[in-house]
1. Describe numerically, in nm with one decimal, the distance between label points set 7 Å from Cα along Cα→Cβ at Arg302 and at Trp129.
2. Please list 315-322, 128-135, 361-368 highest first by mean number of surrounding beta-carbon atoms within 10 Å per residue.
3. Counting only heavy atoms of the protein chains, get the accessible area per residue of the stretch 277-325 (1.4 Å probe) and round it to a whole Å² value.
4. For Val137 and Asn37, FRET efficiency with R0 = 35 Å and r from the beta-carbon atoms, rounded to 0.05?
5. Rounded to whole Å and sorted largest first, list the principal axis extents of the Cα atoms in the stretch 289-378.
6. Give me the net charge for the shell around Gly161: Cβ to Cβ below 12 angstrom, other residues only, Lys and Arg +1, Asp and Glu -1.
Amino acid sequence: MKAVQGVAVDKKPTVYDVAREAGVSIATVSRSLRTPNAVRATTRQAIRTAIDRLGYVPSGSAQSLAARRTNSIALFLPTIDELDSLSDFELATVDEANMVIDRPTHHVVARYDSLYFDTVLRGCELEAWRQGLSLVVSLGMGHSDADISHVVNDVSGKVDGIIVLARSIPDHMLEALHRRRPLVMIASSPTAHEGEFDLVRVSNRKGMSAWWDISSTRTTLPESLHDRPGRLPRQRQTLRGFCEALTLRGLNPAAAPIYRGQFSQRTAFDITSTLVEQDQLPEALICANDQMALGALTALRRAGIAVPDRVIVTGFDGITETDTSNPRLTTVKQPMLELGRAAVATLVKRVDTPDAPAMSTELPVTVLLRESSEGVLPDA
């Protein structure tokens with residue numbers, strides 16, 4: 001109680017008073033109030049006792065100010081044109097690609113998670129919500145360097161950390177941003193600084209190398225529908241896995257034709273139609289994403305060519321439409337939702353432990369064996 005111009009006024013306790021009473025830092029008080037599980041039980045109890053004794057009422061803005069945090073994070077995605085579970089989430093690593101026989105379902109639930117970026121974004125949103133954080137989403141590549149730099153500088157000053165999907169921000173900007181703010185990369189980090197950035201990715205390379213297991217009935221070289229070599233980190237990994245699988249089995253990767261499908265369903269449809277017209281169809285088409293595989297399936301179906309009897313078709317990603325195509329598409333399913341959640345969880349760790357060594361997490365993929373590669377027999 002203190003007097004102000006002769007009037008007795010109660011002084012409201014602050015987070016500083018709680019920290020002093022509990023014998024901890026103000027950052028620890030803020031963390032205990034925001035994410036209790038991140039603080040030891042004995043420390044939480046000391047803070048709770050101090051709060052009760054002082055009659056402190058937590059203020060969201062006061063907590064952020066005391067901890068020097070905004071409780072907001074940012075996610076940078078490529079431009080749209082290039083473009084549920086809430087249980088506790090734990091990071092996992094994997095050494096091998098899992099494989100399951102995926103049998104038909106008797107009903108189809110309409111969902112809107114077909115696009116890779118959309119699902120990764122949804123995972124980030126879910127985990128940010130669970131962590132009590134606000135998520136700021138911004139689009140990167142597709143604009144000029146000056147525009148991107150302006151957006152990056154503006155956003156980075158308003159958040160506690162940043163998640164960047166590979167190729168959303170130029171590498172030279174990432175290097176500077178990494179020195180200023182906690183940063184987590186999704187899919188890959190700048191090649192010149194590999195191992196220095198926190199990284200969350202999936203086993204693209206292992207998943208694509210499993211193509212032989214899902215088309216093992218064929219002995220000749222397949223053909224592959226990919227994007228332009230080296231355009232995306234994911235592209236490099238899937239193509240590398242494809243080539244490694246051939247090499248391990250005594251086949252020359254250079255002899256396997258590769259078509260530039262541009263990750264486009266329409267482009268893959270056109271390429272496959274041309275192969276049919278020229279009577280150059282291989283025994284297997286291995287596609288770097290599901291959209292291209294679906295385009296190939298459509299072209300083959302219109303031409304009256306039996307899949308998988310005449311040609312095997314496989315995809316990559318595991319989008320919803322692969323379960324309703326005719327025939328259903330064998331694919332390598334990415335944990336896209338979990339990828340977003342893992343990125344947020346990693347960023348929270350980095351914000352809390354800024355001096356820790358770089359963290360790298362690889363999430364498993366699952367090979368879904370379906371009718372397009374004889375993974376499921378007709379009478380199964």
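1. Going from the Arg302 label point to the Trp129 one covers 4.0 nm.
2. Working: 315-322: 23.8, 128-135: 17.9, 361-368: 21.4.
The packing order, highest mean first, is 315-322, 361-368, 128-135.
3. 35
4. Here the calculated transfer efficiency is 0.85.
5. Here the spans come out as 60, 21, 18 Å, largest first.
6. Here the charged neighbours net out to +3.
The values are calculated or read from the model by the stated rules, or taken from the named source; none is laboratory data. As the structure is a prediction and not an experimental result, all values here were calculated from the model. Cβ sites come from the backbone with ideal geometry, for glycine too, and all protein chains shown count toward neighbours. With ligands, DNA and RNA removed, areas are computed over all heavy atoms of the protein, side chains included. Shrake-Rupley method; radii C 1.70, N 1.55, O 1.52, S 1.80 Å.
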